[in-house]
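Participant: Next up is a structure, given as structure tokens.
The values are calculated or read from the model by the stated rules, or taken from the named source; none is laboratory data. What you see is a predicted model, and the numbers here were worked out from it, not measured in a lab. Backbone-built Cβ (ideal geometry, glycine too); neighbour counts: all protein chains shown. Just so you know, the surface numbers come from the protein's heavy atoms only, side chains and all, with ligands and any DNA or RNA stripped out. Shrake-Rupley method; radii C 1.70, N 1.55, O 1.52, S 1.80 Å.
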Amino acid sequence: MLDRNDASYAERVRSLAPTTEPERQYYFVDVCRSLLLEREQQLGRKMTMHIETFGCQMNAKDSETLAGILNAIGYVWTDSEDADLVIYNTCTVRENANTRVYGRIGYLGNRKKLFPERRIVLCGCMMQEEKAVEKIRKSYRFVDIIFGTHNIYKLAELLFEREATGKFVIDVWNKAKEIVESLPRVNKYGFKAGINIMYGCNNFCSYCIVPYVRGRERSRSASEIVAEAKHMAGSGVKEVMLLGQNVNSYGKNNGEGISFAKLLRMVSEVEGIERIRFMTPHPKDLSDELIEEIAVNPKVCRHVHLPLQSGSSAILKAMNRRYTKEQYLALVERIQKRIPDVSVTTDIIVGFPGETEEDFADTVDVVTKAQFMSAYTFLYSKRNGTPAAEMDNQVNEEVASERFQRLLAVVGEVSHQQVKRLEGQTQTVLCEEYNEETGLMTGRLENNLLVHFPCGKDLLGSLVPVVLSECKGFYFLGTKAD
Ligand code: SAH
Ligand code: SF4
Ligand code: F3S
């Protein structure tokens, strides 16, 4: 037994730790669990945790791993930020993502003045930026632990270091080491889950910070991915979302030579997995093999999220997207021809440096021609360290906002038409939420739209056919088909 009051306690714990992963982390989970039990006895209650996730599905997935580790230690989840341990898993893709985080850490700090035993942990993409970490060290001294995107699996070890040393712990790596598999995880929804198929990005779009904070592309082994899908199916998951910043590059760097289309096929062969989504393919290298797989594989959702970013070939070049307006439109046409009932959705940035009124008109033109089911629109946000931040032709904020409003109107109109087209169709939906008061189930279509329809609660988590009786703008009211 280790005696906690022994001066060399921390040294001894460290010296006994295995050197391989994930064994090392399971060891620290055990150590943390015994520390937590002591604390629970002193307090006469369970210790609580709360994780706030900012940003994309990759971060959401990482948060599930963090929650899994804390769960294994013995923390119990609470929806409130008044928890013994609060983690902010941060995003830095646009400036407003950062601003939101700073505002909220301030609140946590005020609460910690009343409850000094609380622990505040910051991790994720924003922590990969030296400037952000510096600012936190200076102005938010109550933060206990900071780590980045490459070592989230080390949470238990870092928590131990915080308790053993009583000091602020910072551990941010500038690049990834090995991919650590087999960590404990929790799945937020019982019936749907994300699976990382790759990490990082090699594309370096000139506006984007992701390659700097997530590192180079690393694909997981196909057998690990299939094993995870099987494990999930065994615990009741029906729908999986395969996640990567550019899923088309899957398998190009792990020596297995399995393409993304083949991986889709392999996952679809897992018994119990009934529906598969994926995010995000890059238009520059979306293969015909992939289009074919979506067309013929009934488990793959007929939904392609295909980020456009801009409709102007000149701006696309400056963005380093490596396709032109014409190539993008030709690709959408190819997809729509081979998969007639497909929904295409997109991301668009307005106000990229040098964007003229003509460039913007090209974006509007593509939106009208491609007939997107929906589009996420973003005002360009300057990210330090990216090539676009150095460009000297930044667009005036007012001009950009005015274009943004115009684009919203066009997108609204186009997507409303597309949604309306589905009225009267019967589609398979995954029953995701049941409202006891109204007796209505909320289901999600293949293309992510929602439909509310009356049925029993027992259908929660199953796939059922629903008639989309009435289009209510961007969702439907429906009835269960027989
Ligand atoms: N890997 C995906 C998207 C990652 S980020 C892809 O390549 O499409 C999600 C979206 O955020 C992007 O599609 C882009 O539209 C937007 N985005 C990224 N950086 C941005 C920036 N600096 N300013 C505004 N929007 C940005
Ligand atoms: Fe960013 Fe481009 Fe990579 Fe997407 S593909 S994450 S936009 S650099
Ligand atoms: Fe944000 Fe990081 Fe995702 S910067 S969008 S959370 S990869």
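Participant: Listed residues V399, V419, V451; which is out of contact with any Leu (no Cβ under 9 Å at 6 or more places or on another chain) and among the hydrophobic types (A, V, I, L, M, F, W, C)?
Facilitator: Of the residues listed, the single one that is out of contact with any Leu (no Cβ under 9 Å at 6 or more places or on another chain) and among the hydrophobic types (A, V, I, L, M, F, W, C) is V399.
Participant: Here is a check on your reading of the model: is M266 more than 22 Å from the chain's Cα centre (by Cα) and away from ligand 1 (no atom under 13 Å from the Cβ)?
Facilitator: yes
Participant: While we're on this one: Find all pairs meeting these conditions: Cβ atoms under 6 angstrom apart; at least six residues apart or on different chains; first residue within region 264-282 and closer than 14 Å to L243 by Cα; second residue small (G, A, S) and surrounded by 22 or more Cβ atoms within 10 Å (Cβ to Cβ).
Facilitator: From residues that are closer than 14 Å to L243 by Cα, the pairs are V267/A229.
Participant: Go over the candidates I225, I209 one by one and state the one that is buried (at least 21 other Cβ atoms within 10 Å of the Cβ), among the hydrophobic types (A, V, I, L, M, F, W, C) and away from ligand 1 (no atom under 14 Å from the Cβ).
Facilitator: One residue alone meets the criteria, I225.
Participant: When you look at Y153, is it hydroxyl-bearing (S, T, Y), open to solvent by 10 Å² or more (accessible area, probe 1.4 Å) and within 16 Å of ligand 1 (Cβ to nearest atom), yes or no?
Facilitator: The answer is no for Y153.
Participant: Here is a list: E402, E437, E398, E358. Which entry is away from ligand 1 (no atom under 13 Å from the Cβ), of a type outside the set (A, V, I, L, M, F, W, C), within 26 Å of Y328 (Cα to Cα) and free of Cβ contacts under 8 Å to residues at least 40 places away in the same chain?
Facilitator: None of the others qualify; the one that does is E402.
Participant: Hey, among the residues in region 234-257 that are crowded, with 18+ Cβ neighbours inside 10 Å and more than 16 Å from ligand 1 (Cβ to nearest atom), which one's farthest from L430 (Cα to Cα)?
Facilitator: Per the stated criteria, the residue is G251.
Participant: Which one is farthest from ligand 3 (Cβ to nearest atom), of the residues in region 197-244 that are of a type in the set (G, A, S) and touching a strand residue (DSSP E or B) at 6+ places or on another chain (Cβ under 8 Å)?
Facilitator: Within region 197-244, the match that is farthest from ligand 3 (Cβ to nearest atom) is A229.
Participant: Just need a number here: residues in region 357-372 that are crowded, with 19+ Cβ neighbours inside 10 Å and not in a helix (DSSP H, G or I).
Facilitator: Matching residues across region 357-372 total 1.
Participant: I'd like to check which helices (runs of 4 or more DSSP H) are fully inside region 42-148 and have at least 3 residues that are more than 16 Å from ligand 2 (Cβ to nearest atom), touching a helix residue (DSSP H, G or I) at 6+ places or on another chain (Cβ under 7 Å) and open to solvent by less than 30 Å² (accessible area, probe 1.4 Å).
Facilitator: 57-73
Participant: Tell me, yes or no, whether region 324-345 has at least one residue that is modelled with pLDDT of 95 or more, open to solvent by 30 Å² or more (accessible area, probe 1.4 Å) and within 14 Å of ligand 1 (Cβ to nearest atom).
Facilitator: Taking every residue of region 324-345 in turn, none turns out to be modelled with pLDDT of 95 or more, open to solvent by 30 Å² or more (accessible area, probe 1.4 Å) and within 14 Å of ligand 1 (Cβ to nearest atom).
Participant: Further, regarding this structure: Pick from I291, I335: which is more than 16 Å from ligand 3 (Cβ to nearest atom) and farther than 23 Å from F474 by Cβ?
Facilitator: I291
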